[in-house]
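Reading through the structure tokens given below for one structure.
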Amino acid sequence: LAKERGRNQARFFDHGLSRRYSERLELEGRLRQAVEARQLALYYQPQVDTLSGELIGMEALIRWCQPDGSMVPPDKFIPIAEECGLIVPIGAWVLREACRQQQAWLQEGISRVPVGVNLSARQFDDTTLLATIQAALAESGLPPAYLDLELTESLVMGNPEHTRQVLAECKQLGLQLSVDDFGTGYSSLSYLKRFPIDRLKIDRSFIADIVTEPDDAAIAQTIIAMAHTLRLEVIAEGVETEAQLALLRRWRCDAYQGYLCSRPLPADEMTKLLRQLRATRQVALANI
Ligand code: C2E
Ligand code: MG
Ligand code: MG
Ligand code: MG
């Protein structure tokens, strides 16, 4: 009986696996077409000084816009793009597009802050990365200080020697470097300090419950204090309430990003916000 059940179970699992496999293949095929059909877009989310409310940066976040108007979030397709290698051409497009847009805002005189671009491990290990970045800068004319590369902790720690070398070259180009989703990986701050990093972004999962969970509050506060000791700037991700912002201010967190200020905006809406900001300076005021 047990054997019989085992066989049934095995069959059940095989069925589930092959279904998921064919779904992935189908998604991969549609993603390939999406790249060719230019269905990818960048949204931009403001990053704001916790004390003054001024815009200090923004992050470019990719979206896949389907012909029917619906949107596939990056968590649904970036992992697949990473596995099949499509992330390299997609990532190159993201770099070019973010630089082009940022340079347009700069020339209109409405942005004086850097744009953050997310990089995957697969891109980071690709030997063409630096050439891709240089081409994006040259093509757009964007000064390198206006480009901020966001790298995850696991990417940075995966191969420390390779990382150190590539980051040093990025720094030599004049780019800004941020560690994304900080706290979810396993690096120590002192180790990170050996890389030429400018900024830590505290992962949303630590920020979510700082108002109600003393442990989370202690972790966030500790990350902020230690980062400052190491002369790194700190940004809190996923800030949704005034109560969270009040704590972050008290702990002297430099900046935040989150729905409290703004969701990620399509480029044309970001343009409107930037034009408004030229007059008012403060994102919080401009949004009311
Ligand atoms: P991430 O880089 O950590 O980006 C922050 C994510 O948090 C974004 O999700 C953003 O929309 C979301 N977020 C911002 N504020 C809040 C908030 O107050 N509450 C909540 N619940 N969420 C908030 P998104 O746009 O879905 O992106 C998810 C992830 O996909 C990103 O996480 C990043 O790891 C990846 N990703 C996005 N664009 C790219 C890209 O161009 N290249 C690569 N390699 N990865 C990307
Ligand atoms: Mg990011
Ligand atoms: Mg993040
Ligand atoms: Mg993330």
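With every protein chain kept in place and ligands, DNA and RNA left out, what is the accessible area per residue of region 75-143? Probe 1.4 Å, answer in Å².
Accessible area per residue, region 75-143: 43 Å².
What figure in square angstrom, to the nearest 10, would you give for the accessible area of R19 with a 1.4 Å probe?
Accessible area of R19: about 120 Å².
Kindly sort V88, V179 by accessible area of their heavy atoms, largest first, with the probe set to 1.4 Å.
Putting V88, V179 in descending order of accessible area: V88, V179.
Just report the Cα centroid separation between region 9-87 and region 212-251, whole Å.
Between the Cα centre of region 9-87 and that of region 212-251, the gap is 29 Å.
Given contacts defined as C-alpha pairs under 8 Å and at least six residues apart, what's the relative contact order of region 127-205, whole-number percent?
32
Can you give the accessible area of E150, probe radius 1.4 Å, in Å² rounded to 10?
Surface open to solvent at E150 totals about 0 Å².
What part of the accessible area of the chain, given as a whole %, is carbon or sulfur when the probe is 1.4 angstrom?
On the chain, the fraction of accessible area on carbon and sulfur atoms equals 52 percent.
Students sometimes get this wrong: rank Y191, Y21 by accessible area, probe 1.4 Å, all chains present, largest first.
Y21, Y191
On each of the three principal axes of the Cα atoms of region 98-244, give max minus min coordinate, whole Å, ordered largest first.
Cα extents, longest axis first: 49, 39, 26 Å.
What is the sum of charges around Q101, taking Lys and Arg as +1, Asp and Glu as -1, for the other residues whose C-beta is under 13 Å from the C-beta of Q101?
Overall, the nearby charge balance is -4.
Taking every Cα atom in the chain, find the radius of gyration and the maximum pairwise distance Dmax, and write them in Å.
20.7, 76
Can you give the net charge of the other residues whose Cβ lies under 14 Å from the Cβ of L173, counting K and R as +1 and D and E as -1?
Residues close to L173 contribute a combined charge of -2.
Cut-off 10 angstrom, C-alpha nodes, Gaussian network model of the chain. Which of L147, L230, L40 fluctuates the most?
In this elastic network of the chain, the residue with the biggest mean-square fluctuation among L147, L230, L40 is L230.
Express in Å², to the nearest 10, the accessible area of K171 obtained by rolling a 1.4 Å probe over the protein heavy atoms while all chains stay in place.
K171 exposes around 60 Å² with every protein chain in place.
Considering only protein heavy atoms, with the full assembly of protein chains and a 1.4 angstrom probe, order L51, L151, L265 by accessible area, largest first.
The ordering from most to least exposed comes out as L51, L265, L151.
Under a point-charge model restricted to the Cβ atoms of Lys and Arg (+1) and Asp and Glu (-1), what is the dipole moment magnitude of the chain relative to its Cα centre, in debye to the nearest 20?
Result for the chain is approximately 180 debye, rounded to the nearest 20.
The values are calculated or read from the model by the stated rules, or taken from the named source; none is laboratory data. Every value quoted in this text rests on a predicted model; they were computed, and no experiment measured them. For neighbour counting, all protein chains shown are included, and Cβ atoms are generated from backbone atoms with ideal geometry for every residue, glycine included. Keep in mind that these areas ignore ligands, DNA and RNA; they rest on the heavy atoms of the full protein, side chains included. Shrake-Rupley method; radii C 1.70, N 1.55, O 1.52, S 1.80 Å.
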